[in-house]
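A.B. asks: Before we start, here is the structure in question, set down as structure tokens.
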Amino acid sequence: MSKVTSILLSGVGGQGAVLISKILTNGFVGAGYDVKQSENHGMSQRGGCVTTQVRFGDKVYGPLFGKGQADIMIALERMEAVRCADMLKPDAVVIVNDYRQDSSLTASGLAEYPEGCVEAMQENFNTVVLNAEEIATSLGNIRCANVVLLGAACAACKELNQSGIDWESVIAATVPPKHKELNIQAFRAGMAAAAQ
Amino acid sequence: MKHLMSGNEAIARGIYEAGIKVASAYPGTPSTEILENAVKYKDSVYCEWAPNEKVALEVAYGACIGGSRSICTMKLVGLNVAADPMFTAAYNGVRGAFVIVSADDPGHHSSQNEQDNRNYARHAKIPCIEPADSQECKDFVKAACEISEQFDTPVLFRTTTRVNHSMSLVEFGERVEIQAPPYVKDAQKFVCVPAFVEGKHNKVVQRMKDLAEYGATSPLNSVEMNGSAVGVVASGAAYQYAKEVFPEDTSFLKLGLTYPLPVALVKDFASKVDKLYVIEEGDGFLELEIKAAGIECVGKELTGEVGELNPQLVAERVLGTVFPTKTVPVKPVGRPPALCPGCPHRGFFYTVSGKKDYIISGDIGCYGLGSTAPLSAIDAVVCMGGSFTMGMGMAKSFMMEGYTDKKIFAILGDSTFFHNGITGATEIVYNKGNVIPVILDNSITAMTGHQENPSTGFTLQGDVANAVKIEKVMEALGYQNIIIVDPNDLKAMKKAVEDAAASEVPACIITRRPCVLLKRLNLKFGKCVVDVDKCISCKKCLKVGCPAVAIRDGKSWIDRNQCVGCTVCAQVCPVGAIEKEGE
Ligand SMILES: Cc1ncc(C[n+]2csc(CCOP(=O)(O)OP(=O)(O)O)c2C)c(N)n1
């Protein structure tokens, strides 16, 4: 079987994983790959975890993958990185947003938000850590944090940066024209952060 | 050019290309987006939200009697509601094509059970078609129409969440335009009276035999011979998983027309391999049929029948392949879903939560989340429209057992009221139930992502509709004390509950405030803020169960990004430490 690359996006409803997966799939489709994408819809609008899976290769069968199968993870929230750690291959590349979003349990004091999420990922995986919200805010709009993370992933993962895809033009073609400049800057800032 | 699209978008495209003219549905995950996308073709396909699935199925069936190709779509449990007309439509047969989409949900991502609706195909004696990706979702709609017309039968089009919601590449085709011939009455065919049953049933039995034979050569079923050691029979998403993980010399019989089982084809395939596996999601449906045909195979004892499969699970359970993983030493905390900040259902639940004398008979909708902590306000939930009637049964049980200490409130939403609640509301006044019906009217079908319903004033096609007034319906049924209240006004809400409970005449409550996510209202939100100097750390504000309210450094804290300024937490604060900004 030819090589299939499996990417996992994990975060909390409303964080913007949808745009990341849209840019990724647009890039892969444009480059002529077979692509499948799956997301867990469900009750995400109501504060739950959201995961999206994107797979590309010459021929992709499963729209879904299971534990120990992801090559790349982009975690939009640090506790969600830990939650999905068992989905990763041991040599996976992980991009972790060092950002905390409370769950209703931790917000109301019924449970403690866990310490050491980022460190646990760093100890076990090839991990890139950045604070995408901080970077996005410095660019003038916190909402482009998702594209900052995508930039970091494209810098850190050979499957993405050696795919022959010009990610900046894919972004330009995917986002609304008025957000184009901002998102390209966010992408570049993410790449730079990952290179440090 | 190929398009990356979800199975539901592809089915919608298939509806268009197949020349279907009438499409009716009741929303339900994972089927909802089919008609939300089909309505893009409303110049060619009439699309509507029906009040419930039985109505949707009957409308589509009527359209097929009228001569048009027609389709209805629903989630798995919706077919239970719609089953009655389906079984007899199976006897009567069709004029134009008639396709029933059942979107099953292995893994119960958003459903109250995991029922495998292929069993309905066997039970109703109609063919079942199962697509395995988005391209097939589109192409098989047309194939389903052709089978329906060729074999004079309704066709069950069974998908699963993963097929409905995952995206893969699709190549488009042209629409076939079909003009139905002028209507001709054919009572013999379409009137189901006992005198005609025997003849019709005989025809149905023969039809299923013909379809089993047709399955051997149908392009929906295909054989890929790669070796003689191992063969796999598979359908739907499970085919993709098996294809991914079995060795390259594995042979496949991929079934797209899964019922009736093409026995001759399976026998032939089985005879060419040493070992036969059946890989399917849900029940061991194909496995049972294959074994009943005397063919040896292995299936559910390895794959399991609970939950959703994926490539790793198929590899692990069937082939014993291990995918190494690493365990990280940090334990994540759960993120249970909660009512949104500003949700108008919160006020009602806060008012009744913790009251030992109240029983809350619940229903399916966003308000199902009233069952989660800290509100924990619901006693039972079973199905859409079940709250009024279950509450009635409890009331009659208490009457017979001699218990008089409980007051029963039965709750459901505006969409659920029209789905199935009206019959329950009728039951309560007709048979004099000691139950208070409560309609939590948020002016939209929220749970499934904001679909119009008979009370919203709009149709799926975007036309203005006559908005049915729930209070007028209740009045007509015989409710004499109809209390309409803003649930965000906690004092008024409490009074409404107490007045209804004390009412001597049939009473009901309608809580009325639109869903905060409703975009067309352009709602202007404010923010609530905490005065930490006034806050006495009593944590009463946490009792409303709002995701925007938390405790930070021992004091109440409101997340500005989430708060919409509904003031429910402020009304609960005993010292007035929470205020709405600018007021
Ligand atoms: C028979 C059946 N059909 C459809 C569904 C899917 N479903 C769950 S809740 C819901 C809508 C509820 O709307 P409403 O009663 O207005 O309550 P809201 O979510 O707006 O509070 C639907 C369609 C279901 N669970 N069962």
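The values are calculated or read from the model by the stated rules, or taken from the named source; none is laboratory data. No experiment lies behind these values; they were computed from the predicted model shown. Here the Cβ positions follow ideal geometry from the backbone for every residue, glycine too, while neighbour counts run over all protein chains shown. Keep in mind that these areas ignore ligands, DNA and RNA; they rest on the heavy atoms of the full protein, side chains included. Shrake-Rupley method; radii C 1.70, N 1.55, O 1.52, S 1.80 Å.
A.B. asks: So B:Ala216 fits all but one of (1) open to solvent by 50 Å² or more (accessible area, probe 1.4 Å); (2) within 30 Å of B:His123 (Cβ to Cβ); what number is the exception?
C.D. replies: Of the numbered conditions (1) open to solvent by 50 Å² or more (accessible area, probe 1.4 Å); (2) within 30 Å of B:His123 (Cβ to Cβ), the odd one out for B:Ala216 is (1).
A.B. asks: Please specify each residue of the stretch B:138-165 satisfying the condition of being assigned to a loop (DSSP other than H, G, I, E, B) and open to solvent by 10 Å² or more (accessible area, probe 1.4 Å).
C.D. replies: Narrowing the stretch B:138-165 to residues assigned to a loop (DSSP other than H, G, I, E, B): B:152-154.
Within the stretch B:138-165, B:Asp152 is the sole residue that qualifies.
A.B. asks: Check B:Ser68 against each of (1) over 30 Å from A:Gly27 (Cβ atoms); (2) under 19 Å from the mean Cα position of the chain (by Cα) and name the one condition it does not meet.
C.D. replies: Single failed check for B:Ser68: (2).
A.B. asks: Could you tell me which numbered condition B:Leu460 fails, if it satisfies all but one of (1) more than 14 Å from the ligand (Cβ to nearest atom); (2) touching a residue at least 60 places away in the same chain (Cβ under 8 Å)?
C.D. replies: (1) is the only condition that B:Leu460 fails.
A.B. asks: Filter the stretch B:128-137 down to the residues that are open to solvent by 10 Å² or more (accessible area, probe 1.4 Å) and either under 20 Å from the mean Cα position of the chain (by Cα) or charged (D, E, K, R) (or both), then identify the one that is nearest to the other protein chains (Cβ to nearest Cβ). First the steps, then the outcome.
C.D. replies: Step one: of the stretch B:128-137, the residues open to solvent by 10 Å² or more (accessible area, probe 1.4 Å) are B:133, B:135-136.
Those still in the list that are either under 20 Å from the mean Cα position of the chain (by Cα) or charged (D, E, K, R) (or both) too: B:133, B:136.
Working: B:Asp133: 7, B:Glu136: 12 Å.
It comes out as B:Asp133.
A.B. asks: Within the bounds of the stretch B:394-401, is there any residue that is within 16 Å of the ligand (Cβ to nearest atom) and surrounded by 16 or more Cβ atoms within 10 Å (Cβ to Cβ)? Reasoning before the result, please.
C.D. replies: Taking the stretch B:394-401 as the starting set, the residues that turn out to be within 16 Å of the ligand (Cβ to nearest atom) are none.
The answer is no, given that none of the residues of the stretch B:394-401 is within 16 Å of the ligand (Cβ to nearest atom) and surrounded by 16 or more Cβ atoms within 10 Å (Cβ to Cβ).
A.B. asks: Kindly check whether there is at least one residue in the stretch B:228-247 that is within 23 Å of B:Glu149 (Cβ to Cβ) and open to solvent by 40 Å² or more (accessible area, probe 1.4 Å).
C.D. replies: Within the stretch B:228-247, none of the residues are within 23 Å of B:Glu149 (Cβ to Cβ) and open to solvent by 40 Å² or more (accessible area, probe 1.4 Å).
A.B. asks: Separate question: Return yes or no: is B:Phe348 surrounded by fewer than 23 Cβ atoms within 10 Å (Cβ to Cβ), among the aromatic types (Phe, Trp, Tyr) and on the phi < 0 side of the Ramachandran plot? Talk me through it step by step, then tell me what you get.
C.D. replies: Details: surrounded by fewer than 23 Cβ atoms within 10 Å (Cβ to Cβ): no; among the aromatic types (Phe, Trp, Tyr): yes; on the phi < 0 side of the Ramachandran plot: yes.
So B:Phe348 does not fit the description; no.
A.B. asks: Let me ask another. With B:Ile551, B:Ile509 as the choices, which residue is of a type outside the set (Lys, Arg), part of a strand (DSSP E or B) and more than 14 Å from chain A (Cβ to nearest Cβ)?
C.D. replies: Working: B:Ile551 fails: more than 14 Å from chain A (Cβ to nearest Cβ).
Just a single option satisfies the conditions, and that option is B:Ile509.
A.B. asks: Look through A:Met73, A:Met79, A:Met121 and report the one residue that is within 7 Å of another protein chain (Cβ to nearest Cβ), touching a strand residue (DSSP E or B) at 6+ places or on another chain (Cβ under 6 Å) and surrounded by 23 or more Cβ atoms within 10 Å (Cβ to Cβ).
C.D. replies: On inspection, the qualifying residue turns out to be A:Met121.
A.B. asks: Can you work out which of the residues in the stretch B:332-343 that are within 22 Å of B:Gly386 (Cβ to Cβ) and surrounded by 24 or more Cβ atoms within 10 Å (Cβ to Cβ) is nearest to the other protein chains (Cβ to nearest Cβ)? Working first, answer last.
C.D. replies: Taking the stretch B:332-343 first, the residues within 22 Å of B:Gly386 (Cβ to Cβ) are B:337, B:339, B:343.
In the following step, the residues that additionally are surrounded by 24 or more Cβ atoms within 10 Å (Cβ to Cβ) were identified as B:339, B:343.
On the way: B:Leu339: 7, B:Cys343: 9 Å.
Among residues in the stretch B:332-343 that are within 22 Å of B:Gly386 (Cβ to Cβ) and surrounded by 24 or more Cβ atoms within 10 Å (Cβ to Cβ), the one nearest to the other protein chains (Cβ to nearest Cβ) is B:Leu339.
A.B. asks: Report, ordered by the first and then the second residue, all pairs with beta carbons closer than 9 Å, sequence separation of six or more or different chains, a first member in the stretch A:51-68 that is without any contact (Cβ under 8 Å) to a residue 40 or more places away in the chain, and a second member that is polar (S, T, N, Q) and surrounded by fewer than 22 Cβ atoms within 10 Å (Cβ to Cβ).
C.D. replies: Close Cβ pairs satisfying both conditions: A:Lys67/B:Thr325; A:Gly68/B:Thr325.
A.B. asks: Can you give me the number of residues within the stretch B:97-127 that are in a loop (DSSP other than H, G, I, E, B), more than 12 Å from the ligand (Cβ to nearest atom) and surrounded by 24 or more Cβ atoms within 10 Å (Cβ to Cβ)?
C.D. replies: Qualifying residue count, the stretch B:97-127: 5.
A.B. asks: Report whether or not A:Lys59 is among the basic types (Lys, Arg) and facing another protein chain (nearest Cβ under 9 Å).
C.D. replies: Numbers: among the basic types (Lys, Arg): yes; facing another protein chain (nearest Cβ under 9 Å): no.
Spelling it out, it is not the case that A:Lys59 is among the basic types (Lys, Arg) and facing another protein chain (nearest Cβ under 9 Å).
A.B. asks: Identify the single condition in (1) within 28 Å of A:Leu110 (Cα to Cα); (2) surrounded by fewer than 24 Cβ atoms within 10 Å (Cβ to Cβ); (3) of a type outside the set (S, T, N, Q) that B:Lys407 does not satisfy, given that it satisfies every other one.
C.D. replies: Condition not satisfied by B:Lys407: (1).
A.B. asks: For the stretch A:130-154, which positions are within 15 Å of the chain's Cα centre (by Cα), more than 14 Å from chain B (Cβ to nearest Cβ) and surrounded by fewer than 23 Cβ atoms within 10 Å (Cβ to Cβ)?
C.D. replies: Within the stretch A:130-154, just A:Asn131 meets the criteria.
A.B. asks: Looking at B:Pro337, B:Pro311, can you tell me which residue is touching a helix residue (DSSP H, G or I) at 6+ places or on another chain (Cβ under 8 Å) and away from the ligand (no atom under 16 Å from the Cβ)?
C.D. replies: Details: B:Pro337 fails: away from the ligand (no atom under 16 Å from the Cβ).
Result of the check over B:Pro337, B:Pro311: B:Pro311.
A.B. asks: Output the number of residues of the stretch B:556-577 satisfying the condition of being more than 34 Å from the chain's Cα centre (by Cα) and either over 24 Å from B:Pro336 (Cβ atoms) or in a loop (DSSP other than H, G, I, E, B) (or both).
C.D. replies: 7
A.B. asks: Just need a number here: residues in the stretch B:393-431 that are basic (Lys, Arg) and either touching a residue at least 60 places away in the same chain (Cβ under 8 Å) or not assigned by TED's automatic domain parsing to the domain that holds B:Leu477 (or both).
C.D. replies: Residues flagged as basic (Lys, Arg) and either touching a residue at least 60 places away in the same chain (Cβ under 8 Å) or not assigned by TED's automatic domain parsing to the domain that holds B:Leu477 (or both) within the stretch B:393-431 amount to 1.
A.B. asks: When the residues of the stretch B:248-263 are narrowed to those that are among the β-branched types (Val, Ile, Thr) and open to solvent by less than 20 Å² (accessible area, probe 1.4 Å), which ends up farthest from the chain's Cα centre (by Cα)? Give the steps one after another, and end with the answer.
C.D. replies: At the first step, the residues of the stretch B:248-263 found to be among the β-branched types (Val, Ile, Thr) are B:250, B:258, B:263.
Among the residues that remain, those that are also open to solvent by less than 20 Å² (accessible area, probe 1.4 Å) are: B:250, B:258.
Values: B:Thr250: 36, B:Thr258: 23 Å.
Going through the qualifying residues, I end up with B:Thr250.
A.B. asks: Sticking with this structure for a sec: Take the stretch B:279-331 and flag every residue that is more than 14 Å from chain A (Cβ to nearest Cβ), in contact (Cβ under 8 Å) with a residue 40 or more places away in the chain and farther than 19 Å from B:Tyr120 by Cα.
C.D. replies: B:Cys297
A.B. asks: I want to confirm something. Restricting to the stretch B:463-487 and keeping residues that are assigned to a loop (DSSP other than H, G, I, E, B), away from the ligand (no atom under 15 Å from the Cβ) and under 25 Å from B:Tyr350 (Cβ atoms), which single residue is least open to solvent (accessible area, probe 1.4 Å)?
C.D. replies: Per the criteria, the residue is B:Tyr479.
A.B. asks: Return the residues of the stretch A:82-105 that are under 21 Å from A:Glu134 (Cβ atoms), at the interface with chain B (Cβ under 8 Å from one of its Cβ atoms) and either open to solvent by 40 Å² or more (accessible area, probe 1.4 Å) or not acidic (Asp, Glu) (or both); say none if nothing qualifies. Give the steps one after another, and end with the answer.
C.D. replies: If we filter the stretch A:82-105 for residues that are under 21 Å from A:Glu134 (Cβ atoms), which is where we start, we get A:82, A:94-102.
The next check asks that each one be at the interface with chain B (Cβ under 8 Å from one of its Cβ atoms); those that pass are A:82, A:102.
Scanning the stretch A:82-105 gives a single hit, A:Val82.
A.B. asks: Quick one: which of B:Leu477, B:Leu523, B:Leu490, B:Leu517 is within 14 Å of another protein chain (Cβ to nearest Cβ) and either in contact with an Asp or Glu (Cβ under 8 Å, 6 or more places away or on another chain) or under 30 Å from B:Gly421 (Cα atoms) (or both)?
C.D. replies: On the way: B:Leu477 fails: within 14 Å of another protein chain (Cβ to nearest Cβ); B:Leu523 fails: within 14 Å of another protein chain (Cβ to nearest Cβ); B:Leu490 fails: within 14 Å of another protein chain (Cβ to nearest Cβ).
After applying the criteria, what remains is B:Leu517.
A.B. asks: If you go through the stretch B:421-439 one residue at a time, how many are within 13 Å of the ligand (Cβ to nearest atom) and surrounded by fewer than 24 Cβ atoms within 10 Å (Cβ to Cβ)?
C.D. replies: Residues in the stretch B:421-439 being within 13 Å of the ligand (Cβ to nearest atom) and surrounded by fewer than 24 Cβ atoms within 10 Å (Cβ to Cβ): 1 in total.
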